[in-house]
Amino acid sequence: MYKFAMAVGALTLMTACSKQPELEQQTGSVTTEATSSLAQYKVQAEALLADIRIEKDAAALETQSADLVTLSRTLLNEFVAKYPQCQTYLDALDKAADIIPTLPLEEIETGYHADGKLPKFDDPVCYHAKDLLVHPATVQAIAMKGFEGAEDYKSAEMEIVEVIAHFDQVERALK
């Protein structure tokens, strides 16, 4: 699973690096607030990724990832408004949002990345929305314990590369 995640992350990274950031005009039933939150999330995620890559200090990365977690909670509420079938699943995640960064990384992986502590869901779109919170919370947890070397920065980088891939799915779902 880890090798697969790394391969997906590397592919996403190559794709993300080859594209210039675009701000697409939002249409349809998405509110201006959701559009604003989406745009803000993408900007903040890309800024966090850039700061991880230059190995910014742990305190700064902890603050940035915590801010991204906070913004993800707003997006999850907006997401549930459009996809009410995700409410139970995403509400359970929201209730755990404050404790996730304090958990050991293994527990975050099994409990929230792999959904062990979350209720079952029927619609795959719910999964992508969940990851908008889980991945930055994982970076926050890494930063809270302190970056002990290049491997920790690489792990944090892959978390944000992966969340950007999930973000693209959520963005499409909200259009």
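For the residues Val80, Val69, the requirement of being at pLDDT 95 or above, crowded, with 19+ Cβ neighbours inside 10 Å, of a type outside the set (Phe, Trp, Tyr) and over 12 Å from Val134 (Cα atoms) singles out Val80.
Of the helices (runs of 4 or more DSSP H) lying entirely inside segment 63-175, those containing at least 1 residues that are within 16 Å of Glu46 (Cα to Cα) span 125-145, 150-174.
Figure legend. Inter-residue proximity from segment 141-163: first residues over 15 Å from Ala66 (Cα atoms), second residues outside any helix (DSSP H, G or I), beta-carbon distance below 7 Å, spacing 6+ or different chains. Indicated pairs: Tyr153/Glu55; Tyr153/Phe147.
Scan segment 28-42 and tell me whether some residue there is at pLDDT 95 or above, crowded, with 18+ Cβ neighbours inside 10 Å and closer than 20 Å to His128 by Cα. Yes; the residues of segment 28-42 include at least one that is at pLDDT 95 or above, crowded, with 18+ Cβ neighbours inside 10 Å and closer than 20 Å to His128 by Cα. Just so you know, in segment 132-167 the residues that are of a type in the set (Asp, Glu) and touching a Ser or Thr at 6+ places or on another chain (Cβ under 9 Å) include one that is surrounded by the most Cβ atoms within 10 Å (Cβ to Cβ), and it is Glu159.
The values are calculated or read from the model by the stated rules, or taken from the named source; none is laboratory data. Since this is a predicted model, take the numbers as computed values, not measurements. Neighbour counts run over all protein chains shown; Cβ positions are idealised from the backbone, glycine included.
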